[in-house]
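What follows is a single structure, written as structure tokens, with notes after it.
Here, each number is a calculation from the coordinates, and none is a lab measurement. These figures come from a predicted structure and were not determined experimentally. We place every Cβ from the backbone using ideal geometry, glycine too, and count neighbours over all the protein chains shown.
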Amino acid sequence: MNTVSKRILIFDDDDDIQSICTFILEQDGWQVSVKGSCAGLIDHITAFNPSVILMDNWIPDEGGVVATQRIKSTEATKCIPVIYFSANSDIESLAKTAGADMFLPKPFDLSELIEIINKAYHIRQSVS
């Protein structure tokens with residue numbers, strides 16, 4: 001089994017969320033990259049090669065549902081676990097529509113963030 005490096009790509013346009021997630025995840029040994037929009041979505045993903053993607057629902061320009069559907073329908077990126085996260089009360093339905101692997105409601109506890117990301121990472125590792 002190949003080991004997938006702990007690299008996470010966060011799509012969220014909220015500076016506070018970007019900062020908090022980056023700080024917490026770097027403390028947990030992750031290499032973090034953040035994008036405030038979906039511009040160049042697939043190119044950015046393939047260049048960074050994340051083991052997990054954290055996708056906000058309200059990400060410019062196309063939104064998290066469409067962005068996640070693009071990730072999951074592209075051969076080079078479809079196996080990367082996507083965790084959908086949002087303050088939307090219908091997050092479970094949105095995540096399912098998007099084709100996300102997991103979801104995390106905002107606001108979230110930092111331990112929940114680490115737990116779900118590590119779970120996604122271990123799932124990715126087991127199929128690599």
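Residue 103's amide H: which non-local residues (gap 5+, or another chain) put their own amide H closer than 5 Å, with H modeled 1.01 Å from N in plane and none for Pro or chain starts?
Sorted by chain and number, the residues that satisfy this are 84.
Where a Cα-Cα gap under 23 Å defines reach, which lysines qualify for residue 96, not counting those fewer than 8 residues away within the same chain?
Partners within reach: 35, 72, 78, 106, 119.
Any idea how far apart residue 112 and residue 79 come out in nm if each label point goes 7 Å out from Cα toward Cβ?
For residue 112 paired with residue 79, the spin-label model returns 3.1 nm.
Semi-axes of the equivalent ellipsoid for the range 7-127, please: Cα gyration tensor eigenvalues, times 5, square-rooted, ordered largest first, whole Å.
They are 18, 17, 15 Å, listed from largest to smallest.
Compute the distance in nm between two label points, each set 7 Å from the Cα along the Cα-to-Cβ direction, one at residue 97 and one at residue 5.
Each label point is offset 7 Å from its Cα along the Cβ direction, giving 3.6 nm.
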